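Q: Handing you this structure, nothing more for now.
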Amino acid sequence: MTDTAERIRNIKNFKREIYREYGFYYYVPMAEAYTVQIPVTVSCSYRRCLYCDLNQGMKFRELGLDEIEEHIRKLRYINDRPAKRFLLAGGNPFVLSSEKLLKIAGTVREYFPECEYISAFSRADDITRKTSDELRALHAAGIDRLCIGIESGCDEVLSLQEKGVSRADNLRAMSMLDDAGIKYSTYIMLGVGGRGLSNRHIDDTASLLNLANPFQLTVVTLVLFKGARLIEKVRSHEFSRVPPFEALKEGRRLLSQLEISTIWDATHKTNIFPIKGKIPEHKEKLLKRIDDVIAEIESGNVKQYELKRWSKWGTE
Ligand code: SF4
């Protein structure tokens, strides 16, 4: 076997070993798609959000430091060119103790001295449980980008979806990150309040975001995952879904109210109309494009791909 063939075989085997515990939906923050992904936790420690089935029944597990180092060693072999951006994999790896996160960051830097930053998904309460000094130390160690699944700024929506955190918790978490110098992106979910709370969801989300400094908003639309408990509420008519076209209008309403400087990224496949741009620079252009699509849909002149997307998510 040539050196190249052996290397290809080793890489394939290493990848299988490194990610073997991750399920079908191996979900990474959209803002961190092009990172070296290091397994540190499997699944999510919370697993009670009503709309979520990302963990597919998998139990939460923290990997041991030795196990993590072994994965990092293999990732170094795989990435023989400089690798600068890293992601701690799992539903909410920031739940780990600061002490453990610092050790992990140290190991990443030992194997990858060229590392520029380490990112991770986080719940708001994983952040607020840490002290300001701990957050500053984590920032100094290179953990410099978190992704928080805020979804909504409306307490009634958060409670309906059993998010386990409040608007105030989300605001406090973002403000603590601002103080520690840790950058963050947030997920916002259109349709998550259902028809009943649609306007409140959007208006409260806009007012919350206007108090924060996320470098990116990842805008997604609620879909019903097969294993999500929300399905029971839909079947019993306790939750009435916002049709995808109305969700697009929710997005427009949200964008129109934002006064912050950030990236609006609504290119996720759950949205019927993918669009991305910087605000405030491109805000008016983005709104105009959305208005054009709304007018096109309302006139019945919908492009085929939009119809397909719409019918796919609309009939689930
Ligand atoms: S949405 Fe996030 S925090 Fe909620 S259960 Fe799913 S992975 Fe955990």
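Q: Checking S152 against (1) small (G, A, S); (2) more than 15 Å from the ligand (Cβ to nearest atom); (3) buried (at least 18 other Cβ atoms within 10 Å of the Cβ): exactly one of these is not met. Which one?
A: (2)
Q: Oh, and also: Among the residues of the range 10-19, are any farther than 19 Å from E151 by Cα, at pLDDT 95 or above and assigned to a loop (DSSP other than H, G, I, E, B)?
A: For the range 10-19, residues farther than 19 Å from E151 by Cα, at pLDDT 95 or above and assigned to a loop (DSSP other than H, G, I, E, B): absent.
Q: Based on what the data block shows, is A173 assigned to a helix (DSSP H, G or I) and within 16 Å of the chain's Cα centre (by Cα)?
A: Yes, satisfied.
Q: Within the bounds of the range 164-177, is there any residue that is under 20 Å from A228 (Cβ atoms) and not hydrophobic (A, V, I, L, M, F, W, C)?
A: Among the residues of the range 164-177, at least one is under 20 Å from A228 (Cβ atoms) and not hydrophobic (A, V, I, L, M, F, W, C), which makes the answer yes.
Q: Are there any pairs, at least 6 apart or on different chains, whose C-beta atoms fall under 7 Å, with the first in the range 114-143 and touching a residue at least 12 places away in the same chain (Cβ under 8 Å) and surrounded by fewer than 22 Cβ atoms within 10 Å (Cβ to Cβ) and the second in a strand (DSSP E or B) and basic (K, R), and if so, which?
A: E116/R85; Y117/R85; Y117/R145
Q: Looking only at the range 53-80, count every residue that is within 11 Å of the ligand (Cβ to nearest atom) and either in a helix (DSSP H, G or I) or touching a Phe, Trp or Tyr at 6+ places or on another chain (Cβ under 7 Å) (or both) and tell me the total.
A: 3
Q: Would it be correct to say that D178 is surrounded by fewer than 22 Cβ atoms within 10 Å (Cβ to Cβ), touching a Cys at 6+ places or on another chain (Cβ under 6 Å) and within 30 Å of L135 (Cβ to Cβ)?
A: No: the conditions fail for D178.
Q: If I filter the range 273-284 for residues that are of a type in the set (A, V, I, L, M, F, W, C), in contact with a strand residue (DSSP E or B) (Cβ under 9 Å, 6 or more places away or on another chain) and touching a residue at least 24 places away in the same chain (Cβ under 8 Å), do I get at least one hit?
A: Yes, there is a match, as at least one residue in the range 273-284 is of a type in the set (A, V, I, L, M, F, W, C), in contact with a strand residue (DSSP E or B) (Cβ under 9 Å, 6 or more places away or on another chain) and touching a residue at least 24 places away in the same chain (Cβ under 8 Å).
Q: Among the listed residues S261, S299, S256, identify the single one that is modelled with pLDDT under 95 and of a type outside the set (V, I, T).
A: Going through S261, S299, S256 in turn, just one is modelled with pLDDT under 95 and of a type outside the set (V, I, T): S299.
Q: Filter the range 106-126 down to the residues that are touching a helix residue (DSSP H, G or I) at 6+ places or on another chain (Cβ under 7 Å) and in a helix (DSSP H, G or I) and list them by number.
A: Residues satisfying the conditions are T107, V108, Y111, A124, D125, D126.
The values are calculated or read from the model by the stated rules, or taken from the named source; none is laboratory data. As the structure is a computational prediction, the values presented were derived from the model and not from experiment. With ideal geometry, Cβ positions are generated from the backbone for all residues, glycine too; neighbour counts draw on all protein chains shown.
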